[in-house]
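A short write-up of the structure that comes next.
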Amino acid sequence: MSVRRLAKEQPESFAFSEDTKAKAEWWIKKYPESRRQSAVIPILWLVQKQEGWVSEPAIRAIGELLGMAYIRVLEVATFYTMFQLEPVGKTALIQVCGTTPCMLRGANELMRVCKEKIGDKDVLSADGRFTWQEVECLGACSNAPMAQINDYYYEDLTPETMAQIIDDFAAGQSPKPGSRVGRHTSEPEGGARVLTDPTLYDGSRAKKIKSLPNSQPAAEKAPA
């Protein structure tokens, strides 16, 4: 795992929004008071949703909220790559999967498009709207190549569809997530090929179980 460090430039302060604070308190109440530190991961995520990334002042604020040492929160934030430690694009954070299945299906071409349209990876675009990254497996190998953009998966991508998605985000639109070849989840291209008869799995073929005559539950039988 590569070394993950906080951004060199940090804001002077951080404050929870009312919504973030309310959700944080909801998470804290899910644990015994002596275990409130267990809410650190969801609260880090809430902070990232509020700010777009996790700053050093935010880490300190989370530590104070949970009664944790600053270093303990820092350890969590730097360990999990889901937490962004530098500012990212306010319009779209594009995470292109570069693991073997996606690479074999053209991930390099998707990254080329991202570089042409946005700039170098892991670098905030000049207008502050876009960031793209190469990441490890996102678990949608059947629909390779794919990318996670903000909170959603975009699958079965080509250089052309990736370029169109970026253009749509730049134009203020919200491109629909999912497969770009029309498949449902990870079914074969063109539709399902097995279990096409609903009666095979909807329970309509199941027979009613008849109880044996004069049977008694074990608990009701008289002792011998």
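Is there a residue being of a type in the set (A, V, I, L, M) and within 26 Å of G119 (Cα to Cα) anywhere in the range 39-56?
Initial filter on the range 39-56 (of a type in the set (A, V, I, L, M)): 39-41, 43-44, 46-47, 54.
Then keep just the ones that are within 26 Å of G119 (Cα to Cα); that gives 54.
Checked the range 39-56: at least one residue is of a type in the set (A, V, I, L, M) and within 26 Å of G119 (Cα to Cα).
Yes or no, residue by residue, for (1) under 15 Å from G106 (Cα atoms); (2) touching a residue at least 24 places away in the same chain (Cβ under 8 Å); (3) aromatic (F, W, Y):
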{"site": "P145", "(1), (2), (3)": "yes, yes, no"}
{"site": "Y153", "(1), (2), (3)": "no, yes, yes"}
{"site": "P159", "(1), (2), (3)": "yes, yes, no"}
{"site": "Q164", "(1), (2), (3)": "no, no, no"}
{"site": "R183", "(1), (2), (3)": "no, yes, no"}
{"site": "S186", "(1), (2), (3)": "no, yes, no"}
{"site": "A192", "(1), (2), (3)": "no, no, no"}
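Residue count for the range 154-188, restricted to those that are surrounded by fewer than 14 Cβ atoms within 10 Å (Cβ to Cβ), under 21 Å from the mean Cα position of the chain (by Cα) and under 17 Å from I118 (Cβ atoms): 1. Checking each residue of the range 81-92 against the condition of being more than 30 Å from K117 (Cβ to Cβ) and either not aromatic (F, W, Y) or not in a helix (DSSP H, G or I) (or both) gives no match.
Readers should treat all values here as calculations from the given coordinates under stated rules, not as data from a laboratory. Quick caveat, the model's predicted, so the values are computed rather than measured. Here the Cβ is made from the backbone with ideal geometry for all residues, glycine too, and neighbour counts use every protein chain on show.
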